[in-house]
Amino acid sequence: MILSVVATIVLTLSPIAAQTSPTSQAPSLIVRGPRVSAQVPVVASAGAPAIGLERLAPVIPMSVRASEEGKYLVTMAGAEIELTEQLPVARINGTLVSLASSPYVADGRLFVPLQLVTEILPRALPKRFRYASAGRELWFTPAQSESLASVSTAGAPAPTIFRRRASNGAPAGAPPSRPVNPTHRGGRRWRIIVDAGHGGVDNGMTGPIAGGPRIYEKEITLQVANRVRAALLTRGIDVVMTRTYDTLIALGDRGRIANESRGDLFVSIHVNAAPLTGHKPRDWRGFETYFLSEAKTEDDRRVERMENESIRFETGADAAPGDPLSFIINDMAQNEHLRESNELAELIQRRLMKIHPGPDRGVKQAGFRVLVTAFMPAVLVEIGFGTNTAEAVYLSSPSQQQVIANAIATAALEYLGEYERKLGAGGGR
């Protein structure tokens, strides 16, 4: 569905709306065209100054197509801009760029960071846009092929982006900014356990193999986990962290923390490492998500051994022969969650695939000790290879960590939304 302007979005707003304060505004942006100009309010959001995109419509012709996954394709003055709610990246004419903050919906409007129109568009389309910072003025020069008659006027009624409605009454295409009717277990809110891998004396992997920023897995995982926590809290989700600072938590205790906290999901975040004896180890890249089951491939068993080695920091020795891990994996208390864990892993992979520069290595399974004692849908996410120089740089970037965290948080919410719909249809775990 293509609309002439970005318009009022029929949407049940989440706590994301709190990002915009109607009384806290930065100076306005003046948008000037050859025949008309407009004063666009700039709001102070949680991340960076933002504007309601539809406020540009009186001067700049645009159209918007909303997809089923909360994504927007904005066509504006010859530029195709792909935006996704709560992801601080955009794709402009096929080129991926970082945004100062994430697009979001508040008060029925789609807001984008001010940087998109004052910095990114003038660089991408210098013949069409020019920004004068002194007067906070954005100058727009239409192409000869663009009819000024197609430009909306300020008084024109605004149609809605979302026409169809999903079976639960929510607008089709709206991302699950908060789970609908969270009435499970006596009506309390959903609770997600976020586990930052390694910690304390256990550095995890150290990389990269060649030149680049020296990174330690325990630091990257905690930074990303804290961002996942923040992203979930803004959606109204309760979050429990297995660790909040640089300390060692036993692998078995992490699952027990999740159970005692009555968690609904368990997400463990890790950084991958290539085997030094493998083929071109410095070239290994990509992301993968695991759920608990018997490893199927030698590479899955390699990652399993690598992550389970943390037990040596707890006991001072390797695990004893005949460790009953395989028996625990087959315990009925865990098996009931394997299918849902697989589904959660699939959703995380799909979200990461949209934003990660590395290859999609797929959903896999292995016997991770950290997942064994978490009796709920549980996954372990390898967010990239720290042994690869390019991915070490990527994983070290705070802005890219936020992109990864938003993708993981959104996938978790998608899972909870699907689970709630199953309950409404008479299904369940």
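The values are calculated or read from the model by the stated rules, or taken from the named source; none is laboratory data. What you are looking at is a predicted structure, and each value in this text was computed from that prediction instead of being measured. For neighbour counting, all protein chains shown are included, and Cβ atoms are generated from backbone atoms with ideal geometry for every residue, glycine included. Note: accessible area is taken over every heavy atom of the protein model, side chains too, but ligands, DNA and RNA are not part of it. Shrake-Rupley method; radii C 1.70, N 1.55, O 1.52, S 1.80 Å.
So for segment 261-272 (the condition being farther than 25 Å from Tyr394 by Cα, part of a loop (DSSP other than H, G, I, E, B), touching a strand residue (DSSP E or B) at 6+ places or on another chain (Cβ under 6 Å) and small (Gly, Ala, Ser)), does at least one residue qualify? So far as segment 261-272 goes, yes, one or more of its residues are farther than 25 Å from Tyr394 by Cα, part of a loop (DSSP other than H, G, I, E, B), touching a strand residue (DSSP E or B) at 6+ places or on another chain (Cβ under 6 Å) and small (Gly, Ala, Ser).
Scan segment 392-405 for residues that are open to solvent by 10 Å² or more (accessible area, probe 1.4 Å) and of a type outside the set (A, V, I, L, M) and jot them down. Within segment 392-405, Tyr394, Ser396, Ser397, Pro398, Ser399, Gln400, Gln402 meet the criteria.
Scan segment 350-371 residue by residue and report those that are assigned to a helix (DSSP H, G or I) and either more than 20 Å from Arg301 (Cα to Cα) or open to solvent by 10 Å² or more (accessible area, probe 1.4 Å) (or both). Even if it seems obvious, please write down each step before you answer.
Taking segment 350-371 and keeping what is assigned to a helix (DSSP H, G or I), we get 350-355, 369-371.
Result: Arg350, Arg351, Leu352, Met353, Lys354, Ile355, Arg369.
Residues considered: Arg185, Arg178. Of these, the only one that is out of contact with any Pro (no Cβ under 9 Å at 6 or more places or on another chain) and either in a strand (DSSP E or B) or modelled with pLDDT under 50 (or both) is Arg185. For Thr389, state whether it is surrounded by fewer than 24 Cβ atoms within 10 Å (Cβ to Cβ) and at pLDDT below 90. No; evaluated as a whole, the condition is false for this residue.
Just need a number here: residues in segment 105-118 that are at pLDDT below 80 and among the aromatic types (Phe, Trp, Tyr). Full working, then the answer.
Our first condition is that a residue be at pLDDT below 80; within segment 105-118, this holds for 105-109.
Next, only the ones that are among the aromatic types (Phe, Trp, Tyr) stay: none.
Total satisfying the criteria: 0.
For Val372, the conditions (1) modelled with pLDDT under 90; (2) in contact with a Pro (Cβ under 9 Å, 6 or more places away or on another chain) are fulfilled apart from (2).
For segment 133-144, a residue qualifies if it is modelled with pLDDT under 90 and of a type in the set (A, V, I, L, M), and the qualifying residues are Ala134, Ala143.
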